[in-house]
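The values are calculated or read from the model by the stated rules, or taken from the named source; none is laboratory data. The model shown is predicted, which means the values in this text are computed figures rather than measured ones. Please note: Cβ atoms are built from the backbone with ideal geometry, for glycine as well, and neighbour counts cover all protein chains shown. Note: accessible area is taken over every heavy atom of the protein model, side chains too, but ligands, DNA and RNA are not part of it. Shrake-Rupley method; radii C 1.70, N 1.55, O 1.52, S 1.80 Å.
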Amino acid sequence: MPTQQPLTYHAFVELATADPAVVGLVLKGSRAHDDMTTEHSDHDLYVVLTDNATTDLTRFTGHRIPELDLVIVSLAEFRAAGMPGFERYALARAKIVLDRLDGGIAQILATKARLDADEAFRDSGEWLDAYANSLYRSVKNDRDGHPLAARLDAADSIRFLLELLFALDRRPRPYNKYLKWELARYPLPGWDTGMLLNAADRISGTGDVPLQRHLFAHVETAARRAGHSAVLDAWGKDLDLMRPQ
């Protein structure tokens, strides 16, 4: 009896395209980012079905092999994916393989790629406060002779800083793997990409306090310009510890 061959990406795309219940095929992950694929990269594919669809393709729900990882969802579920959630960036930079909705799939992806104004303002305020908190703890721990705690808090602060800066630009933060890729193609307005990446690298690794303070000076200017003075002013005199000395 012949051994059944694993389902390939191209074979599945052909199968799904022939099924009228499928309204969209969306490729995410490394295959959707130019020059990011390796020999280990699989094909992460969303299969979008009409709501209440009846199709034999549902037998592939949960299908996952080294070459092909399928996520089979209804159109309603696809609209909600990552809104909010970790999946948002993946879909924001996804590539459309099939769009039977006359641009409807593309519009859904565009919505995921752009935070609305209220969402961006709310989120950036929360991330700013979280960034300031970790920065303050890092600098205070360094002052008080707790180097490990200072470095850990510094690393946390970079996570919150990146969330903040992308929210200020109304974009979901990229996964760490795609940070350089994203900034090389879509720089953050008002920020020197090389300076930002170098600062993130050094602060995460060493907890460099003068550099943390130097970076905070740039963040404070940008945050106040964006209307977040109240978040910063709530820190009162503690801001003095965060600012350049």
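In region 38-52, what residues are of a type in the set (Ser, Thr, Tyr) and within 17 Å of ASP102 (Cα to Cα)? The answer is THR50, and nothing else. Scanning region 170-196 for residues that are more than 16 Å from the chain's Cα centre (by Cα) and of a type in the set (A, V, I, L, M, F, W, C) yields TRP191, MET195, LEU196. Kindly establish whether VAL26 is within 15 Å of LEU109 (Cβ to Cβ), surrounded by 11 or more Cβ atoms within 10 Å (Cβ to Cβ) and either under 18 Å from the mean Cα position of the chain (by Cα) or at pLDDT below 95 (or both). For VAL26, the condition - within 15 Å of LEU109 (Cβ to Cβ), surrounded by 11 or more Cβ atoms within 10 Å (Cβ to Cβ) and either under 18 Å from the mean Cα position of the chain (by Cα) or at pLDDT below 95 (or both) - is met.
Scan region 184-229 for residues that are open to solvent by 80 Å² or more (accessible area, probe 1.4 Å) and of a type in the set (Gly, Ala, Ser) and the total you get is 1. Contact annotation: residue pairs with Cβ atoms under 9 Å, 6 or more positions apart or on different chains, pairing a residue in region 25-53 that is on the phi > 0 side of the Ramachandran plot with a partner that is among the charged types (D, E, K, R), are GLY29/ASP42; GLY29/ASP44; GLY29/ASP69. Listed by position, the helices (runs of 4 or more DSSP H) inside region 56-155 whose residues that are touching a residue at least 60 places away in the same chain (Cβ under 8 Å) and in the same structural domain as GLY29 (by the TED database) number at least 3 are 88-92, 104-113.
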